[in-house]
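Peer 1: Just dropping this structure here.
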Number of protein chains: 2
Amino acid sequence: MPELNDDPKQNVRHRIAALRQWMEKNGVAASIIANSDPHTNEYSAERWMGREWITGFHGSAGTVAVTAETAGLWTDSRYYLLADKALEDTGVELFRMNDQGVPKIEEWLAKELNEGQSVAVMGEETSLLNVETWTAALSGNGIEILTDQPFLNEIWKDRPAAPKGQIYPVPDEFAGFSVAEKIEQVREKMREQQVDTYLLGRTDESAWLLNFKGTDVQARTTTYCYTLVTLEDVRFFIDPEKVTAEHRDELQKQGVSLCDYDSVGDAASSLGEDARVLVVPFYLNGSLFRKLSHTKVNRGRAIVTDLKGRKNATEMKHLRECMLSDGAAIVKTYVWIYEQLKSGAPISEWRVSRKLEEMRGLQEDFAHVSFESIVGFNGNGALNHYTVTEDKDVDIHAEGVLLIDSGGVFMSGTTDTTRVIPLGEVHADHRKDYTLVFKCLVKLMRTKFPQGTTCAQLDGICREQMWQYGRTYKHGTGHGVGFGLEVHEGPQNISGIVTEKMEPEMLSTIEPGIYRPGEYGIRLENMVFTIEAESNQFGDFYQFENITFCPFSPELIDLDLLSDDELAWLNDYHRQVLERLTPHLEGREIEWLRNECREIVRQGT
Amino acid sequence: MPELNDDPKQNVRHRIAALRQWMEKNGVAASIIANSDPHTNEYSAERWMGREWITGFHGSAGTVAVTAETAGLWTDSRYYLLADKALEDTGVELFRMNDQGVPKIEEWLAKELNEGQSVAVMGEETSLLNVETWTAALSGNGIEILTDQPFLNEIWKDRPAAPKGQIYPVPDEFAGFSVAEKIEQVREKMREQQVDTYLLGRTDESAWLLNFKGTDVQARTTTYCYTLVTLEDVRFFIDPEKVTAEHRDELQKQGVSLCDYDSVGDAASSLGEDARVLVVPFYLNGSLFRKLSHTKVNRGRAIVTDLKGRKNATEMKHLRECMLSDGAAIVKTYVWIYEQLKSGAPISEWRVSRKLEEMRGLQEDFAHVSFESIVGFNGNGALNHYTVTEDKDVDIHAEGVLLIDSGGVFMSGTTDTTRVIPLGEVHADHRKDYTLVFKCLVKLMRTKFPQGTTCAQLDGICREQMWQYGRTYKHGTGHGVGFGLEVHEGPQNISGIVTEKMEPEMLSTIEPGIYRPGEYGIRLENMVFTIEAESNQFGDFYQFENITFCPFSPELIDLDLLSDDELAWLNDYHRQVLERLTPHLEGREIEWLRNECREIVRQGT
């Protein structure tokens, strides 16, 4: 069925029709395209954007299910508006995952299908966790999940090939440990978990273990690869063209042998029946798991994710420095924005995002942005994960507020900062919302908490500062950040439903927000390390070390809502910002920053 | 192997030896006795106290595992001290479940055992959840879990029979809905969950659905029974001797037929292959699940637990009234305590617990205490879940503080209140700890939170008030409470690892604490309903309605630690306590209460 025209909605309808044709021919009642590549990455190369291809919806999270008559897309609250627009006139219904009473994909399928029917799933592109959840939920209804029918390959005629981006090594002076040392750390944990074989499914796990960065996906360090670690050897499965001969030799010296990416399945099948294989259902795809099922499967924690989640002293040192240049890049962009506005020169969301990239690029070890900058003028700031594109650019005027959420990947770390700045006159509502978000941020930044504290507990402590004013936000409070790797990484994720513990040396963001659709969005985000606070008869207590130095906007602060403590914290923070960023700035930038960081004093005191 | 003497440690050693003999004879490498009866009740009849019998440890939570050479008991922090004492000289090692680095039972077994070995589990007395967790964890090590070898029946020669306590009906005027109405509510949810058969495993689920109370277990409303609900009929499996003819006829009229308790297995086996059976792995035992495994098993939420978790308007009305008499019973006990102390009359922890029961018994619809009162004088107050016994009674003197955690089961509800009162001179430390606990309690009682808030978020908000002072407690912040049923019930449980949502009409306790081993314990506990607070563009917000009216101790409040807001809350609370309890009290009780509830004013203001 050729694609007849350039109408994207028409394309979606044709593609779904082609899928239904395949389903009918193969006696399958429904099919699911999940939101992932073979490595359950959050952001994939185009080859694995099957859900985007078939629905026209390009949010970073979403899963589509299609039956003979109906179709649905499940996505979270960040993307409701975007998905609504994309799905219009496509016949695909939007299921708002964060709303009350909305069925899960498996619940919906249970109602749509009859006993004895089956659901085809792209096994290679679906996490084992999803496959098992759907199987468990639907088996009671007599509905089977098939993972061995890669239907997308048949209906997606011009499916893109896997990318060929080069990888490049990260020197030990940045990584903190050599590859050989990291392998030994992993093996020690393998012995503790009583496994002898560990297949790293997630690509950033390989990147951390083998000290490299990839370039397969825009604004990501991803390269498509697997690593198989046993107590005796380490095999790195990657397209050999991606690795220079020199790099290959260096890896060899560290005990790592290269194998072709496509041979990982055979390697899995060839493991002995006695192999005790660590399997992490969230990070491994369903097809690859099938090739391991003859072994002694041990489900356990992702060793590398746990190890890389706790930053080493070298990484911490580099990132602390990196954050100063990064803060300076943001300040330089602010000054540029205000000068453009003042001079009446054209300025737009897209231009601001380019400027941010240009300013970060001044730092020597800059690789690329850590994600497409979110630059949201007034109402656009209320769209979570909104990104402007050059062809749909939005002009910025001297009115209201501008939300900027951006970061970079450097050899010396990955950064992620959000601020909101006033562009013209601001109203009491702006100030109240900004100040409440500020209070949430400061509350969690200053919280002392005992060993064992979960992310959900911390999430509640942060949000409560705005709950008492009848406001909340639907996204998480923060996420883990990789060191020079992915801007989102586990194991921690500060959200009300995550019971992972917040451990020392973890690197996280704290980013509460308030969003008023059509008006504006406020989000303030700092990065923090978990460090030790005190030990006493009640146990060990931790706290957060702030590493983000970027001014808040005094014009947006409502002093009546701040306690004396919070005001003192703000003045102290601004003193530090001024002191630490000044060496990275020039004349008028310093002047501007000095004004932003002036001591704020209550009137009448 | 007869039990030769009255030495309890010797008995434990003999019983474990008998188990090992059985294991050797049957080729089993290890055995586990879990902490439950066939219904996964928290508190069991003596027949199902196998773990207590074999270890001599009588805490309410604990699981024992025995291998040929080693043995371990897993329990939580409430019982560390008690278990330590019980296990001394028994050869059973204590595993402190809440401590860092302590292996789980399945991790320990993985190390103790070799591939190809098997572990016997009392399938009928172990939840399906446990059976499945252990099976999943150990199958990778080639270790099998056997649930069909009821070894306890063989080695426990004088194992007690199942109890024969009568059940008695709860009138609709207390229950709010007739049995027939409740059955229809359940069926509606069954249709939503697309199941046609639902086996209620937990005994309090049957008690709620069929509007009765049981008397099989001391201080509990438990009766051993199952209920099987289909879309057509309802079968109540219970020893027929426990039900009067009149009650049986009444149940019949409501659409419920009685069957013998022991026939539930056959009923499960006889279900058709097409039956869509709702299974809740936490509430069903492993043996009974095997008898359902030929059906279409649907794992889902426990419908009755969800329904009974949200109290209806009749229940809420009754409980609000019940809490006033209950508060008065506590105040009467306080006055008695102070009068005894003043007159030099003997007074002890046991006598206080009897007095509490006597005072609660004055309320007409009193059934029994909701749990053995915790009356902890100074150091004993630091022992979580400590209960005094008559033969190990402890005298109380006019020094330090007394912790009292007690409640009753009435036709009009189940109550649970904790306070700490000063007996003599108190120190700055007492006051500081008491005030910090008070701040935690008040913080959560006053928190407004949006729909979707999880228990873990609320837990963090409560604890943070003492974390900032470097203190914490190891138990949960609160639990759900049954209406006239169990004092602990789900689905909610305010703890850092529980992501259940806090829903409207739920009844919960809030009970933070600070414990100083050997010195004293402070815990303050109120009961609250979740009610609506406001709805706005950010969604629906809830708050807690306090229903506990019992004074705090002004002598134990450190005003320097209280904000003006908190002090105003306290004064307002005390005004309400005085107003509401006075009608339930007499002369000198009112006089005492008036003094306790006097307005507290800061010096110099």
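No value in this document is a laboratory result; all are computed from the given coordinates. The structure presented is a predicted model; accordingly, all values stated were derived computationally and were not measured. Here the Cβ is made from the backbone with ideal geometry for all residues, glycine too, and neighbour counts use every protein chain on show.
Peer 1: Using the beta-carbon distance between A:R320 and B:D395 and R0 = 41 Å, what value does 1/(1 + (r/R0)^6) give for FRET efficiency, to the nearest 0.05?
Peer 2: Working: r = 59 Å, r/R0 = 1.45.
With R0 = 41 Å, the Cβ-Cβ based efficiency is 0.10.
Peer 1: Within region B:378-416, name every residue whose backbone N is under 19 Å away from a label modeled 7 Å from Cα of B:H427 along the Cβ vector.
Peer 2: Correct set: B:378-383, B:397-403.
Peer 1: Report the equivalent ellipsoid semi-axes for region A:8-155 in whole Å, largest first, defined as the square roots of five times the eigenvalues of the gyration tensor built from alpha carbon atoms.
Peer 2: On the way: eigenvalues 85, 59, 52 Å².
Computed over region A:8-155, the values are 21, 17, 16 Å.
Peer 1: Regarding region B:332-480, what's the average projected area of the Cα-atom convex hull, expressed in nm²? Spell out each step's value before the answer.
Peer 2: Numbers: hull surface 42.0 nm².
One quarter of the hull surface, i.e. the mean projection, equals 10.5 nm².
Peer 1: By how many degrees, between 0 and 90 and to the nearest 10, does the Cα long axis of helix A:179-192 differ from the longest principal axis of chain A?
Peer 2: 70 degrees
Peer 1: From the phi of every residue in region A:311-324, what ³J(HN,Hα) in whole Hz does the Karplus formula 6.51 cos²θ - 1.76 cosθ + 1.60 yield, where θ is phi - 60° and glycine or proline is x?
Peer 2: 6, 7, 4, 5, 4, 4, 4, 4, 5, 4, 6, 4, 5, 6
Peer 1: I've got another one for you. Return the lysines within reach of A:K164: Cα separation strictly under 27 angstrom, same-chain partners fewer than 8 residues apart disregarded; answer none if there are no such residues.
Peer 2: Filter leaves A:K182, A:K213, A:K242, A:K253, A:K291, A:K308.
Peer 1: Related question: What do you get for the angle between helix B:455-467 and the principal long axis of chain B? Use alpha-carbon atoms, 0 to 90 degrees, nearest ten.
Peer 2: The helix B:455-467 is inclined about 40 degrees to chain B.
Peer 1: In nanometres, what is the gap between the two model label sites at A:K448 and A:A162, each 7 Å from Cα along Cα-to-Cβ?
Peer 2: About 5.2 nm, to one decimal.
Peer 1: First measure r as the distance between the Cβ atoms of A:L567 and B:N26, then evaluate 1/(1 + (r/R0)^6) with R0 = 51 Å and state the FRET efficiency to the nearest 0.05. The partial results should precede the final answer.
Peer 2: On the way: r = 72 Å, r/R0 = 1.41.
In this case the efficiency is close to 0.10.
Peer 1: In square nanometres, what is the average projected area of the Cα convex hull of region B:168-238?
Peer 2: Values: hull surface 18.9 nm².
For region B:168-238, the mean projected area of the Cα convex hull comes to 4.7 nm².
Peer 1: Treating the angle as unsigned and between 0 and 90°, give the value, to the nearest 10°, between the Cα long axis of helix A:349-361 and the longest Cα principal axis of chain A.
Peer 2: Result, in degrees: 90.
Peer 1: Still on this structure, please answer the following. When the helix-only estimate is applied to chain A (DSSP H runs of n ≥ 4, each -39,500 (n - 2.57), divided by the residue count), what is the mean residue ellipticity at 222 nm, nearest 500 deg cm²/dmol? Before the final figure, lay out the partial values.
Peer 2: On the way: 19 runs with 212 residues, N = 605.
It lands at -10500 deg cm²/dmol.
Peer 1: What percent of all Cα-Cα pairs in region A:550-593 falls into each 10 Å bin, going from 0 up to the bin containing the maximum distance?
Peer 2: 26, 48, 22, 4
Peer 1: Let me ask another. Can you tell me the order of B:208-215, B:491-498, A:103-110, B:590-597 when each peptide is scored by its average per-residue count of other Cβ atoms within 10 angstrom, highest first?
Peer 2: Values: B:208-215: 23.5, B:491-498: 21.9, A:103-110: 19.0, B:590-597: 16.8.
Those peptides, ordered most packed to least, come out B:208-215, B:491-498, A:103-110, B:590-597.
Peer 1: How large is Rg/Rh for chain A, to two decimals, with Cα atoms and a Kirkwood Rh? Don't skip to the answer; put the middle values down first.
Peer 2: Values: Rg = 24.9 Å, Rh = 25.6 Å.
With Rg and the Kirkwood Rh in hand, the quotient comes to 0.97.
Peer 1: HN-Hα J couplings of region A:148-157 from phi, Karplus 6.51/-1.76/1.60, θ = phi - 60°, integer Hz, Gly and Pro as x?
Peer 2: Here the 3J(HN,Hα) series is 10, 10, x, 4, 4, 4, 7, 8, 8, 4 Hz.
Peer 1: Give A:K501/B:K111; A:K9/A:K104; B:K104/B:K439 a once-over and call out the pairs whose C-alpha atoms are over 32 Å from each other.
Peer 2: Details: A:K501/B:K111 25 Å; A:K9/A:K104 25 Å; B:K104/B:K439 35 Å.
Check vs 32 Å cut-off fails for B:K104/B:K439.
Peer 1: Still on this structure, please answer the following. Region B:295-397: percent of C-alpha pairs farther apart than 16 Å? Please list the in-between numbers first.
Peer 2: Working: 3592 of 5253 pairs.
Of the Cα pairs, 68 percent sit more than 16 Å apart.
Peer 1: Amide H of A:M122 versus every other amide H placed in the peptide plane: which residues, excluding those fewer than 5 positions away on the same chain, fall under 5 Å?
Peer 2: Hits under the 5 Å cutoff: A:I32, A:A34.
Peer 1: Where the convex hull is taken over the Cα atoms of region B:313-596, what is its projected area averaged over directions, in nm²? Each step should come with its number before you reach the end.
Peer 2: Numbers: hull surface 58.4 nm².
Its Cα hull, projected and averaged over all orientations, spans 14.6 nm².
Peer 1: Whole angstrom only: what separates the Cα centroid of region B:299-357 from the Cα centroid of region B:399-423?
Peer 2: Value for the Cα centre distance between the two parts: 6 Å.
Peer 1: Take the Cα gyration tensor of region B:118-244, multiply each eigenvalue by 5, square-root it, and list the three semi-axes largest first, rounded to whole angstrom. Intermediate values should be presented prior to the final figure.
Peer 2: Numbers: eigenvalues 208, 100, 24 Å².
Semi-axes from the Cα gyration tensor: 32, 22, 11 Å.
Peer 1: In nanometres, what is the gap between the two model label sites at A:E88 and A:Q576, each 7 Å from Cα along Cα-to-Cβ?
Peer 2: My value for the distance between the label points is 4.6 nm.
Peer 1: Can you check what the net charge comes to around B:V394, using other residues whose Cβ is under 12 Å from the Cβ of B:V394 (Lys, Arg +1; Asp, Glu -1)? Write out the running numbers ahead of the final one.
Peer 2: Working: positive: B:R351, B:K392; negative: B:E349, B:E390, B:D391, B:D393, B:D395.
Result for the local shell: -3.
Peer 1: Tell me the distances, shortest first, between A:D266 and the same position across the other copies, using label points 7 Å along Cα→Cβ, in nm to one decimal.
Peer 2: 6.0
Peer 1: Can you tell me the FRET efficiency between A:E115 and A:E532 if r is taken as the Cβ-Cβ distance and R0 is 60 Å, rounded to the nearest 0.05?
Peer 2: Values: r = 57 Å, r/R0 = 0.94.
So the FRET efficiency works out to roughly 0.60.
Peer 1: While we're looking at this one, here's another question. Ranked by Cβ crowding within 10 angstrom, fewest neighbours first, how are A:S269, B:S118, B:S127, A:S563 ordered? If you can, show how the numbers build up before the last one.
Peer 2: Numbers: A:S269 14, B:S118 20, B:S127 23, A:S563 11.
Ascending number of Cβ neighbours within 10 Å: A:S563, A:S269, B:S118, B:S127.
Peer 1: Then there is this: Starting from a label point 7 Å past Cα on the Cβ side, list the distances from A:N153 to the same position in the other copies, nm, shortest first.
Peer 2: 5.4
Peer 1: Next question, about the same structure. Restricting things to Cα coordinates, could you compute the convex hull volume per residue of region A:218-322 in Å³? Could you put the intermediate results ahead of the total?
Peer 2: Details: hull volume 16.0 nm³, N = 105.
Per residue, the Cα convex hull of region A:218-322 comes to 152 Å³.
Peer 1: For q values of 0.04, 0.06, 0.07, 0.10 Å⁻¹, compute log₁₀ I(q)/I(0) with the Debye formula on a Cα-only model of the protein assembly as shown, without solvent.
Peer 2: Log10 of I(q)/I(0), two decimals: -0.24, -0.56, -0.77, -1.56.
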